[in-house]
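Asker: What follows is a structure written as structure tokens; I'll ask about it next.
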Amino acid sequence: MRGMPDGPFRGPLLTGFSSHPAAFATIEHGFTALTARQQDAEVLRRFFASWSQTNNSAMTVAGISNRLTLKLHRGEPVIDSHALLQSLVALHRIIDEDLAVTHKVLHSQLFHTMATSIVGDDAWLQTRYIDPTAADFKKWKDHMSLREPDVALGLLTTLTHEIYTHGEVEFILPLFKRWLIDQYHYTEEDTARPLRWITVHCGGTEKNHFFHAVNTLTHYARAVEVDWTAYDLEGIIGQYLQRKAAVLHALFPTAG
């Protein structure tokens, strides 16, 4: 993020993500507490059911894409229809891998494999295991992306999600790997299959998704003449982090 060129997003992103150390501490505590020991199956079911609500977003991004094409379908005024198409093209690159367009396996299947392998069954799919904070997170994110009349808010929320997710998967990969080896007696080789959902999002994958999101915003601004300085990106980042932290706190409360 620090390497991105100057523009309307760099400053708000740097300020927004650096202004919430308490939220990050709560999130880190949650993942550290999860991976510190073997967990009861009910704890694991509640964790994976709730966590899934905060990070599986391919359908939401696809929904934003539908909103962009609806503008053309409905004949809504667009200053540059080619720029709108370019925005859509960039947005779709975020979900190519998730939807198995460029890879062989749906990412939702990879998540299912991870959760079911660690829990021992797929009962975590039952909605009763979803913590209310996780349901609230998804409801807020879907509202920002799909219900707010201004599509720009959905694009900014996607930008926030992509940069956050890059940091999360990089942080949790060594924790999860060590957890499976030390607490569940996996071999190093055996961790590859259950942790593939995490590993495929590490490295350049989520970083590229972030820049695809930036390109989407840039093209969209040309298509409909958006002034990004008029939007509270820092506020969206704050809401995102606080709501994410609330989920981890509900699952693994901090002392006091």
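Asker: Pick out the one residue from 85, 125, 72 that is out of contact with any His (no Cβ under 9 Å at 6 or more places or on another chain) and either at pLDDT 95 or above or open to solvent by 70 Å² or more (accessible area, probe 1.4 Å) (or both).
Answerer: Working: 85 fails: out of contact with any His (no Cβ under 9 Å at 6 or more places or on another chain); 125 fails: out of contact with any His (no Cβ under 9 Å at 6 or more places or on another chain).
None of the others qualify; the one that does is 72.
Asker: Still on this structure, I have one more. Among the residues that make up the stretch 18-28, is at least one of them polar (S, T, N, Q), over 20 Å from residue 213 (Cβ atoms), in contact with a helix residue (DSSP H, G or I) (Cβ under 7 Å, 6 or more places away or on another chain) and crowded, with 20+ Cβ neighbours inside 10 Å?
Answerer: Yes: the stretch 18-28 contains one or more residues that are polar (S, T, N, Q), over 20 Å from residue 213 (Cβ atoms), in contact with a helix residue (DSSP H, G or I) (Cβ under 7 Å, 6 or more places away or on another chain) and crowded, with 20+ Cβ neighbours inside 10 Å.
Asker: Among (1) in contact (Cβ under 8 Å) with a residue 12 or more places away in the chain; (2) of a type in the set (Ser, Thr, Tyr); (3) surrounded by fewer than 20 Cβ atoms within 10 Å (Cβ to Cβ), where does residue 57 come up short?
Answerer: (3)
Asker: Would a scan of the stretch 225-238 turn up a residue that is over 16 Å from residue 152 (Cα atoms) and surrounded by fewer than 21 Cβ atoms within 10 Å (Cβ to Cβ)?
Answerer: Here is the first cut: in the stretch 225-238, the residues over 16 Å from residue 152 (Cα atoms) are 238.
From what's left, surrounded by fewer than 21 Cβ atoms within 10 Å (Cβ to Cβ): 238.
Looking through the stretch 225-238, at least one residue is over 16 Å from residue 152 (Cα atoms) and surrounded by fewer than 21 Cβ atoms within 10 Å (Cβ to Cβ).
Asker: Report whether or not residue 171 is of a type in the set (A, V, I, L, M, F, W, C), at pLDDT 95 or above and over 14 Å from residue 113 (Cβ atoms).
Answerer: yes
Asker: Return the residues of the stretch 118-168 that are farther than 14 Å from residue 236 by Cβ, in a loop (DSSP other than H, G, I, E, B) and in contact with a helix residue (DSSP H, G or I) (Cβ under 8 Å, 6 or more places away or on another chain); say none if nothing qualifies.
Answerer: 120, 121, 122, 126, 130, 131, listed by residue number.
Asker: Report, by residue number, each residue of the stretch 217-256 that is under 21 Å from residue 78 (Cβ atoms) and in a helix (DSSP H, G or I).
Answerer: 217, 218, 219, 220, 221, 222, 223, 224, 228, 230
Asker: Which of the residues spanning the stretch 132-153 are open to solvent by less than 20 Å² (accessible area, probe 1.4 Å) and farther than 30 Å from residue 71 by Cβ?
Answerer: 134
Asker: Which residue out of 160, 165 is open to solvent by less than 40 Å² (accessible area, probe 1.4 Å), of a type in the set (Ser, Thr, Tyr) and modelled with pLDDT of 95 or more?
Answerer: Testing whether each residue is open to solvent by less than 40 Å² (accessible area, probe 1.4 Å), of a type in the set (Ser, Thr, Tyr) and modelled with pLDDT of 95 or more leaves just 160.
The values are calculated or read from the model by the stated rules, or taken from the named source; none is laboratory data. On a predicted model such as this, the values are computed, not experimentally measured, just so you know. Methodologically, a virtual Cβ is constructed for each residue, glycine included, from the backbone with ideal geometry; neighbour enumeration extends over all protein chains shown. Remember, those area values only see protein heavy atoms, side chains included, never the ligands or the DNA or RNA. Shrake-Rupley method; radii C 1.70, N 1.55, O 1.52, S 1.80 Å.
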